[in-house]
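Novice: Handing you this structure, nothing more for now.
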Amino acid sequence: MTLFELRSIFLKGLKNTYSTQESNSIFKLLVYSKLNIDAATIVLDQDNELGEKNTVFFQKALQRLIKKEPVQYIIGETSFFDLTFKVTPDVLIPRPETEELVQWIISDQQVIQSVNKVKILDIGTGSGCIAISLAKNIPNAEIWALDVSQSAIEIARINAKQNKVNINFLNLDILKIKELPHYFDLIVSNPPYVKQQEKEVMHGNVLQHEPDQALYVSDTIPLVFYDKITDLAKNHLTKNGKLYFEINQYLGKETLELIQSKGFKNVLLKKDFLSNDRMIRAEKE
């Protein structure tokens, strides 16, 4: 089978699942990952024969994609903040919106220009994308990363090692603990925030394959993680310590008011690149 024939099969097989543009992007990503052939070479070398072993791989990959499995899980990795992260169904696939949260934190730290150690806690670390990206870009950071899932912690450990950073990992349920093990200068979290009723507007590859535990909250108490984390932050942030959240775009006002009600100052709600309410920064009184 040639690359040209393979592309035709992919576009036909995925037409009911993805747009032509999305199918093309997925195809190029798979070809680059498996064959190390970039998009330009695909066009110039369409008669390239795949061989039996590679043909079987792509046939199996197509079947997984038709079942709406994310291409990142098929490849086994993804890119985030110019770094490579191993991903499995035990962790969420990092999103571009979260990169904006990371950049916000890094930019704020560059403004402060502190020479002292900055102690940072990432709550709900998943793949470790936030903690590891901060460790790579804030030289004076000392970072802890917490998650309820031991499987996620193991993936994050691998990612920390591959990206050559030191992270202190904690396997804890944030909703059950009464205090944090240290005081921190900065706490960041991208906790579960998708309400059950929002499932009907979500893509099938998220609904069927990404971990529910890292995504969903009850419709009746959608801010349960923000409430608990803000309480812990109030008691375990240093003076003028910062709290950063990624948030549900539909609950920006409610989340902001919750944090303000806990006594935090300078609470700022920020939009993402799609103009959705997506992140909040607050400062301890």
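The values are calculated or read from the model by the stated rules, or taken from the named source; none is laboratory data. Please read these numbers as outputs of a predicted model, since none were measured by experiment. Note that each Cβ is placed from the backbone with ideal geometry, even for glycine, and that neighbours are counted across all protein chains shown.
Novice: Which of the residues spanning the stretch 239-285 are within 18 Å of the chain's Cα centre (by Cα), outside any strand (DSSP E or B) and under 22 Å from S218 (Cα atoms)?
Specialist: I247, N248, Q249, N276
Novice: Among the residues of the stretch 156-166, which ones are in contact (Cβ under 8 Å) with a residue 40 or more places away in the chain and under 24 Å from M279 (Cβ atoms)? First the steps, then the outcome.
Specialist: Pass one, the stretch 156-166, residues in contact (Cβ under 8 Å) with a residue 40 or more places away in the chain: 156, 158-159, 162-163.
Passing the criteria: A156, N159, N163.
Novice: Identify all residues within the stretch 47-85 that are assigned to a loop (DSSP other than H, G, I, E, B) and surrounded by 14 or more Cβ atoms within 10 Å (Cβ to Cβ); write none if there are none. Break it down stepwise before answering.
Specialist: If we filter the stretch 47-85 for residues that are assigned to a loop (DSSP other than H, G, I, E, B), which is where we start, we get 47-48, 50-51, 67-70, 76, 81-82.
Correct list: N48, L50, K68, E69, P70, F81.
Novice: Say we look at the stretch 86-116 and pick out the residues that are free of Cβ contacts under 8 Å to residues at least 12 places away in the same chain and β-branched (V, I, T); which of these is surrounded by the fewest Cβ atoms within 10 Å (Cβ to Cβ)?
Specialist: V111
Novice: Could you grab me the full set of residues in the stretch 117-140 that are more than 22 Å from E97 (Cβ to Cβ) and either in contact with a strand residue (DSSP E or B) (Cβ under 6 Å, 6 or more places away or on another chain) or crowded, with 17+ Cβ neighbours inside 10 Å (or both)? Before you say what the answer is, go through the steps one by one.
Specialist: Of all residues in the stretch 117-140, those more than 22 Å from E97 (Cβ to Cβ) come to 117-119, 139-140.
K117, V118, K119, N140, listed by residue number.
Novice: Would you pick out the residues in the stretch 215-237 that are outside any helix (DSSP H, G or I) and touching a residue at least 60 places away in the same chain (Cβ under 8 Å)? Spell out how you get there, then give the answer.
Specialist: So the first thing to find is which residues in the stretch 215-237 are outside any helix (DSSP H, G or I), and the list is 215-223, 237.
Residue satisfying the conditions is L215 alone.
Novice: Pairs under 7 Å by beta carbon, first residue more than 14 Å from L237 (Cα to Cα) and in a strand (DSSP E or B) in the stretch 119-147, partner at pLDDT 95 or above and among the hydroxyl-bearing types (S, T, Y), six or more apart or different chains?
Specialist: Final answer for the pair search is A145/T125; L146/T125; D147/T125.
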